[in-house]
Amino acid sequence: MHIHPLITDSESLAALCKRLSTASFVAVDTEFMRENTYWPDLCLIQIGDQFEAAAIDPKAEGLDLTPLLDLLVNNDEVLKVFHAGGQDIEIIHNLTGKTPYPLFDTQVAAMALGLGEQVGYSNLVESLLNERLDKGARFTDWGRRPLDKRQIDYAIGDVTYLAGLFPKMLERLKKTGRGAWLNQEMERLADPANYCVDPDQAWKRIRMPSRKAEVLGRLKAVAAWREKEARGKNLPRGRIMKDETLADIASHPPKSQDALANVRGLSPTWKSNDIGARLMQAIADARELPADEMPPKEERMPGLGKEGALVADLLKLLLKIRSRESNVAARLIAKSEELEALAAGKRNGLSILEGWRFDEFGRDALDLVEGRLAFAIKKGRLAMTRTEAAE
């Protein structure tokens, strides 16, 4: 594989992207910093196929990223391959308003191949390529310039190995017939809605036990205010105000700006500074949450008392057995909350009762809950057996 020098000029980037635009797939990775900012600070982009790879410096003066972004979000003929790519995709969405499509995530694929619940990249490389990654530059300061050779070599390795992993994983998926299983997961990853943060929807991420329209209206208003403040200052939300403080203010709004000095989690200076004034205005402008925006009441699971909890435990045991037998990560098959819902009597809207998950696990799970399946010990191994009720 040909490794290009660090790309810092538009002409070299355009030429690379033109060649890669005819590839069957490209491996993609990014390096970024976000500890102290609201928006991820993109510091490096790595891309390559089976024949060439390069690192691109998005901070290089005058560099036009348009050809690269077009390749990632406007070329549907080239598959984009990531590993645990959620944050990489978020960055691309921030730059373009779109997500890479079509895409393939090797971490998700690894679960379908029974390689682990959330297998790390280095473990995957060692397992399938028999190569050991140099992790020395993993926690480096990617925003510092100039980047040194070790940093660039480390970053390039992420896509060169990824370009080697993908064909091997694709072949295994074809042999096992599990490629179609991943379609739903990849569609979910590619959904732009996952990466859009509407300030007016920010309140939904904050835990609030109250269902009073007045309280939830304030929560919505203050959460939207915080989101806009964080964006405007390019600071993490928690640097503006912690979730707990926000929820407390929604429940017990201060009567005046002076009272902000007594709010736990806020500096005494809020009683007289501009940000405190803006917060008080947001509280004053808050309105009761409309009925059509009220969150649904938590569905009470009928029967999930002590007996229901035991049934849920049996379902988790069944999941372990089926995961072992099929060599598929349990996490990809079912979530604990779905098992509890099934144990409590819910049947609609559960992914384990649809598609491949039903064939692999859901059918037996339903039979277990409804008395047509039971546990047994056969030749010293835990197994499932049909009951008389099933006959």
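The values are calculated or read from the model by the stated rules, or taken from the named source; none is laboratory data. Owing to the predicted nature of the structure, the values given are computational and were not obtained by experimental measurement. Ideal geometry is used to build each Cβ from the backbone, glycine not excepted, and the neighbour counts take in all protein chains shown.
Quick check on the range 201-220: of everything there that is surrounded by fewer than 21 Cβ atoms within 10 Å (Cβ to Cβ) and among the small types (G, A, S), which residue is nearest to D41 (Cα to Cα)? Going through the qualifying residues, I end up with G217. Restricting the range 332-364 to residues that are under 24 Å from the mean Cα position of the chain (by Cα) and of a type in the set (G, A, S) leaves a set whose member that is surrounded by the fewest Cβ atoms within 10 Å (Cβ to Cβ) is G349.
Residues in the range 71-116 that are buried (at least 23 other Cβ atoms within 10 Å of the Cβ), closer than 14 Å to A190 by Cβ and more than 15 Å from the chain's Cα centre (by Cα): L72, K80, V81. In the condition set (1) closer than 18 Å to L72 by Cβ; (2) of a type outside the set (D, E); (3) part of a loop (DSSP other than H, G, I, E, B), I45 is compliant with all but (3).
Could you list all residues from the range 265-287 that are among the charged types (D, E, K, R) and without any contact (Cβ under 8 Å) to a residue 60 or more places away in the chain? Across the range 265-287, the qualifying residues are K271, D274, R278. Residues in the range 10-30 that are closer than 10 Å to P67 by Cα and crowded, with 20+ Cβ neighbours inside 10 Å: L13, L16, C17.
Okay, residues lined up against (1) within 30 Å of V81 (Cβ to Cβ); (2) of a type in the set (D, E); (3) modelled with pLDDT of 95 or more; (4) not in a helix (DSSP H, G or I):
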| residue | (1), (2), (3), (4) |
| --- | --- |
| N194 | yes, no, no, no |
| W203 | no, no, yes, no |
| R211 | no, no, no, yes |
| V215 | no, no, yes, no |
| D258 | no, yes, yes, no |
| A282 | no, no, yes, no |
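Only residues that are at positive phi and in contact (Cβ under 8 Å) with a residue 60 or more places away in the chain: list them for the range 60-117, please. Give the derivation first.
As a first pass, look at the range 60-117 and keep what is at positive phi: 62, 84, 97, 114, 116.
Across the range 60-117, the qualifying residues are G97, G114, G116.
For the condition surrounded by 18 or more Cβ atoms within 10 Å (Cβ to Cβ) and either acidic (D, E) or closer than 23 Å to R386 by Cα (or both), what is the one hit in A286, A282, A329, A312? Every option except A312 fails the conditions. If the condition is being over 18 Å from A84 (Cβ atoms) and either out of contact with any helix residue (DSSP H, G or I) (no Cβ under 9 Å at 6 or more places or on another chain) or part of a loop (DSSP other than H, G, I, E, B) (or both), then the range 157-182 contributes P167, E171, K174, K175, G177, R178.
List pairs: first in the range 354-367 and in contact (Cβ under 8 Å) with a residue 24 or more places away in the chain, second of a type in the set (S, T, N, Q), Cβ under 8 Å, 6+ apart or cross-chain? Listed by first residue and then by second, the contacts come to G355/Q184; R357/S351; E360/S326.
In the range 187-208, is there at least one residue being touching a strand residue (DSSP E or B) at 6+ places or on another chain (Cβ under 7 Å) and over 19 Å from N94 (Cα atoms)? First the steps, then the outcome.
Here is the first cut: in the range 187-208, the ones touching a strand residue (DSSP E or B) at 6+ places or on another chain (Cβ under 7 Å) are 189-190.
Going one step further and asking which of them are over 19 Å from N94 (Cα atoms), we end up with none.
No, the range 187-208 contains no residue that is touching a strand residue (DSSP E or B) at 6+ places or on another chain (Cβ under 7 Å) and over 19 Å from N94 (Cα atoms).
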